[in-house]
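Data first, discussion second: the structure below is written as C-alpha cells.
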Amino acid sequence: MQDEEQKPYIEGPMHSTTPMIDPGLTFASVTDKISSIVLKRKTSLAWFFGFAISFALFQLMLLTMTNLVFVGIGLWGVNVPVAWGVAILNFVWWIGIGHAGTLISAILLLLRQRWRTSINRFAEAMTLFAVAQAGMYPIFHLGRPWLAYWLFPYPNTMGIWPQFRSPLMWDVFAVSTYATVSAMFWFVGLIPDFATLRDRARSKPFQMVYGLLAMGWRGSARHWHRYEMAYLLLAGLATPLVLSVHTIVSFDFAVGIIPGWHATIFPPYFVAGAIYAGFAMVLLLTIPLRRFYGLEGFITMRHMHNMAKVMLATGLIVGYGYMMEAFFGWYSGNKYERFMIWNRMHGPYHLYYWALILCNIVTPQFLWVKKIRSNLLLLWIISFVISIGMWLERFVIVVTSLHRDYLPSSWGMYQPTQWDWGMFIGSIGFFLTLLFLFIRFLPMISIFEMRTILPEAEVEE
Amino acid sequence: MDREHDNVEQSLPVHRRHVPPLYGVMAEFESPSDLVAAARRVYSLGYRRINGYSPYPIEELSEAIGFTHTSLPLIVFIGGLVGGLSGFFMQYWMEVIDYPLNVGGKPFNSWPAFVPITFEMTVLFAAFAAVLGMLVLNKLPQPYHPVFNAPNFVLATRDRFFLAIEANDPKFNHAEVVDLLKSLDALEVNDVEV
C-alpha cells in the first residue's frame, strides 16, 4: 500500500522520534480496541455526567427557541442599525469550525497526508454537528422560521421565484450543499466500519442496527475498488466545496457596501479563519478524548504537532488579513473606511478589537516553540483562547461595522440579551450532546483506514 | 474429492436428498501478501469469476483478480454536468424568462451572479452520483450474500483475508479448485453454498 511517494514525510528528525501510530498495533488489536469502545466497554460514569450536562444545555436551546418562535426576534438585542447580531456571528463561527473537518478528511487525503487517518472520522463528525448548529441561526433569524422553505425555488401559488443575485440565496445553496455532501462523505466512510461492528456485536439489536447501516458490506475487492474511487472523487468534490462555502459566507458581508465589509480580502481571510477556528476546536475535543479513552497509540504527539502547525500557519494568514483590513482602511483614502478602522481600535467596542488581537495574533505565536506544542495542557488552553478569539473576530466584523455607518444620525449600540446567550450556550450543548452520542455509538476513529497504515498492511511480492 | 455434504446426504432419506447449489469455494489466508499471491496465481491459471475479500482496500488485490476498470468517474462527471447545467438554467429560466425582475438595473441574465449556485449544484449532483453510483454498481444494499456462510467470514472485517472461486466460472471443477487453493498457503478451504 505504501509506495515510495507516500513515505517521504516520515523522514526527518522530528518524525523519526514521533511515529504516526503505535508501532505495536496489528489488524486485530486496532479492530478490537476501537470497536470495544462502542461495543464492549462499560459506559463510564464520566460519559453520563458529560452527556447530562450537554443535554441540559441543549434544553436551554429548545427553551430559547420556543420563546423566540412565540415572541419574535425582538427577544434578541438586534435592532437597526445592528440588525445582524450574535445570531449571525454564531452562524459564521459554527460553520467555520466545521471547515477543519472537511480539510482533514478531503484536502489532506488528496495531499496524501496519511496521519489524517486517526482524526478524520472524528473531525468529520464535528463538521456535521457544527453545520447543524450553524444552519439553525439564519433559519430562526428569519423571524418566521416555519416559512424557511420560501428560500428554496419551488413552484408556488404566489407565482414568484427567489432573487438569485443576492448572496443570501447563494448562502442557502452553499450551506445546504455543504451539509448534504458532508453527511454523505461521513456515511460512506462509515460503511466498512459498520460492517466491522456488525460482525463484532454480541447483542441482536446492535447486530441488526449496524447490519442495516452496513448494507451488506462484505469487503469484496471489487467493492473496495469502486469504494476507493468514490471516496477519492468525493474528496475531490469536497475540497473546492469547502473553499466555496466560506467564500460565499464572506460574500454575505463583502457584497454589501458597509465600511469594513466591502473588501476583496474577505474570501481568503474567511477561509483561513475557518480552518484556524476548526483546528482549534479539533484540538479542544481530541486532547481530552484521547486521554480519556486511552487512544494515545492512534492519535500520537505527531498529530498534535501537525495540528498545532496548521493552526499557526492559518493564524498567520488571519493576522495578515487583519493587517490588510487596517491597510485598506488607510490606503483607500475613503473617510468612511478610515473612520471604520479607527472606530474599531478606539471606538466603543475597542476592547473587543484588542482582545481579538491578543487571542488570535499574539497567542498562536507561542506555537513556534516546540516545548509548548508538546505540552497538551498549554495546547488545549491556546486552542480555547483561539476559539474565543475567532468568536470575537466575527463580533468585530458584524457589530462594529454596522453600528457606525455613513450617517451619524443612524448610529446605535448593540448589546446581546440573555436570549442571545441562551441560544449560543444551548447550541454548544446540542453540539456536545451529538458528540457524546457519536463517541458512544459509532467508532470515533476510522477502523478500516487505520488498518491501511499498519506495517503489516504492506503487500510483499 | 467429494463434497463434504455428500456424506450427510447419504444418511438422509431419498426424498430429502437435495444438494444446495454451490456458490463457490473459499480459501482463508493469514496475510494480505498470501492473498494477493494466491489471487495472482488463480488468475494466471485462467479463472475469471474470482473475488477477494479483505478488511481494508488492497490495490494489488483488485489488480490481481483483473478488476481495474470502473465507470464511476464517468457517472460522476455526468452527474456534475447535469447539476451544473440544471443549476445555471434553473436560474436563467426563473430570472430571465418566467419572472424577470429589475434588481438595481442589473441585466436579467446577470450570469456572474449565477456562478455560485451553478457551482454548488454541480458539486451536489456529482456527490450524489458518486455515492449512489458506488452503491448501485456494488449492488448494495444487499443484506444476504452466500459468502457470509463461509466459516470465519466474520473475520473478513478484522484480520483475515479470503479468496473465492465461484462455481459459475467456466473452468470450475470442484476437486481441482479445492486442490489448487489448498496448495496456496491457505489456512482453510471451504465450500460456500448459495
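The values are calculated or read from the model by the stated rules, or taken from the named source; none is laboratory data. Predicted model only: the values in this text are computed from it and were never measured. A quick note on method: Cβ atoms are made from the backbone with ideal geometry, for glycine too, and the neighbour counts reach across all protein chains shown.
For the range A:171-198, residues that are at the interface with chain B (Cβ under 7 Å from one of its Cβ atoms), touching a Ser or Thr at 6+ places or on another chain (Cβ under 9 Å) and either without any contact (Cβ under 8 Å) to a residue 60 or more places away in the chain or among the charged types (D, E, K, R) (or both) total 1.
Of all residues in the range B:165-194, those that are among the aromatic types (Phe, Trp, Tyr) have Cβ atoms under 7 Å from Cβ atoms of residues that are modelled with pLDDT of 90 or more, 6 or more apart or on another chain, in B:172/B:165.
Of all residues in the range B:151-181, those that are under 17 Å from residue A:29 (Cα atoms) and either touching a Cys at 6+ places or on another chain (Cβ under 6 Å) or surrounded by 16 or more Cβ atoms within 10 Å (Cβ to Cβ) (or both) total 7. Residue B:116 passes every criterion in (1) closer than 23 Å to residue B:67 by Cβ; (2) crowded, with 21+ Cβ neighbours inside 10 Å; (3) touching a Ser or Thr at 6+ places or on another chain (Cβ under 9 Å) apart from (1). Close Cβ contacts (under 7 Å, 6 or more residues apart or on different chains) running from residues in the range A:69-90 that are at positive phi to residues that are small (Gly, Ala, Ser) comprise A:72/A:143. Closer than 27 Å to residue A:55 by Cβ and crowded, with 21+ Cβ neighbours inside 10 Å: does that describe residue A:389? When the stated conditions are applied, residue A:389 does not pass them. Would you say residue B:64 is buried (at least 24 other Cβ atoms within 10 Å of the Cβ), out of contact with any Phe, Trp or Tyr (no Cβ under 7 Å at 6 or more places or on another chain) and under 15 Å from residue A:220 (Cβ atoms)? No, not satisfied.
Here's the yes/no breakdown for (1) facing chain A (nearest Cβ under 9 Å); (2) small (Gly, Ala, Ser); (3) under 17 Å from the mean Cα position of the chain (by Cα):
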{"site": "B:61", "(1), (2), (3)": "yes, no, yes"}
{"site": "B:65", "(1), (2), (3)": "yes, no, yes"}
{"site": "B:68", "(1), (2), (3)": "yes, no, yes"}
{"site": "B:72", "(1), (2), (3)": "yes, no, yes"}
{"site": "B:75", "(1), (2), (3)": "no, no, yes"}
{"site": "B:85", "(1), (2), (3)": "no, no, no"}
{"site": "B:105", "(1), (2), (3)": "no, yes, no"}
{"site": "B:109", "(1), (2), (3)": "no, no, no"}
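Applying a threshold of 9 Å to beta carbon distances and a minimum spacing of six or more residues, or different chains, the list of pairs starting in the range B:135-146 at a residue that is facing chain A (nearest Cβ under 7 Å) and ending at one that is of a type in the set (Gly, Ala, Ser) and surrounded by fewer than 18 Cβ atoms within 10 Å (Cβ to Cβ) reads B:137/B:71.
Here's the yes/no breakdown for (1) loosely packed, with under 14 Cβ neighbours inside 10 Å; (2) not β-branched (Val, Ile, Thr):
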{"position": "A:138", "(1), (2)": "no, yes"}
{"position": "A:141", "(1), (2)": "no, yes"}
{"position": "A:155", "(1), (2)": "yes, yes"}
{"position": "A:159", "(1), (2)": "yes, yes"}
{"position": "A:165", "(1), (2)": "no, yes"}
{"position": "A:181", "(1), (2)": "no, no"}
{"position": "A:189", "(1), (2)": "no, yes"}
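Just one of the listed residues (B:125, B:114) is within 9 Å of chain A (Cβ to nearest Cβ) and touching a residue at least 24 places away in the same chain (Cβ under 8 Å), and it is B:114. Has the range A:422-437 got any residue that is surrounded by fewer than 18 Cβ atoms within 10 Å (Cβ to Cβ) and under 30 Å from residue A:341 (Cβ atoms)? No: the range A:422-437 contains no residue that is surrounded by fewer than 18 Cβ atoms within 10 Å (Cβ to Cβ) and under 30 Å from residue A:341 (Cβ atoms).
Taking the residues in the range A:30-82 that are hydroxyl-bearing (Ser, Thr, Tyr) and within 29 Å of residue A:209 (Cα to Cα) as candidates, determine which candidate is farthest from the other protein chains (Cβ to nearest Cβ). Break it down into steps so the answer makes sense when it comes.
So the first thing to find is which residues in the range A:30-82 are hydroxyl-bearing (Ser, Thr, Tyr), and the list is A:31, A:35-36, A:43-44, A:54, A:64, A:66.
Imposing the further condition that a residue be within 29 Å of residue A:209 (Cα to Cα) reduces the set to A:31, A:35-36, A:43-44, A:54.
Values: A:31: 5, A:35: 9, A:36: 12, A:43: 23, A:44: 25, A:54: 30 Å.
For the range A:30-82, the residue satisfying everything is A:54.
Quick one: in the range A:81-108, of everything that is aromatic (Phe, Trp, Tyr) and crowded, with 24+ Cβ neighbours inside 10 Å, which residue is nearest to residue A:235 (Cα to Cα)?
Taking the range A:81-108 first, the residues aromatic (Phe, Trp, Tyr) are A:84, A:91, A:93-94.
Among the residues that remain, those that are also crowded, with 24+ Cβ neighbours inside 10 Å are: A:91, A:93-94.
Details: A:91: 24, A:93: 23, A:94: 21 Å.
Looking at the filtered set, the residue picked out is A:94.
Checking each residue in the range B:139-156 for being within 17 Å of residue A:196 (Cβ to Cβ), of a type outside the set (Val, Ile, Thr) and not in a loop (DSSP other than H, G, I, E, B) picks out B:148, B:153, B:155, B:156. Within the range A:359-386, if we keep just the residues that are crowded, with 23+ Cβ neighbours inside 10 Å and not hydrophobic (A, V, I, L, M, F, W, C), the residue that is farthest from residue A:313 (Cα to Cα) turns out to be A:383. Tell me, yes or no, whether the range A:289-309 has at least one residue that is more than 14 Å from chain B (Cβ to nearest Cβ), touching a residue at least 40 places away in the same chain (Cβ under 8 Å), closer than 30 Å to residue A:410 by Cα and not in a loop (DSSP other than H, G, I, E, B). No, the range A:289-309 contains no residue that is more than 14 Å from chain B (Cβ to nearest Cβ), touching a residue at least 40 places away in the same chain (Cβ under 8 Å), closer than 30 Å to residue A:410 by Cα and not in a loop (DSSP other than H, G, I, E, B).
Anything in the range A:227-236 that is within 7 Å of chain B (Cβ to nearest Cβ) and surrounded by fewer than 22 Cβ atoms within 10 Å (Cβ to Cβ)? List them, or say none.
Across the range A:227-236, the qualifying residues are A:228, A:229.
Residues of the range A:202-221 that are within 15 Å of residue B:65 (Cβ to Cβ) and either surrounded by fewer than 18 Cβ atoms within 10 Å (Cβ to Cβ) or touching a residue at least 24 places away in the same chain (Cβ under 8 Å) (or both): A:219 alone. Confirm whether residue B:162 is part of a helix (DSSP H, G or I) and of a type in the set (Phe, Trp, Tyr). When the stated conditions are applied, residue B:162 does not pass them.
Against the list (1) crowded, with 21+ Cβ neighbours inside 10 Å; (2) out of contact with any Phe, Trp or Tyr (no Cβ under 6 Å at 6 or more places or on another chain), the condition residue A:311 fails is (2).
Could you list, in sequence order, the residues of the range A:108-150 that are under 24 Å from residue A:454 (Cβ atoms) and of a type in the set (A, V, I, L, M)? A:108, A:109, A:110, A:111, A:119, A:123, A:125, listed by residue number. Can you confirm whether the range B:27-47 contains a residue that is closer than 30 Å to residue A:159 by Cβ and buried (at least 18 other Cβ atoms within 10 Å of the Cβ)? Checked against the condition, which is being closer than 30 Å to residue A:159 by Cβ and buried (at least 18 other Cβ atoms within 10 Å of the Cβ), the range B:27-47 yields no hits at all.
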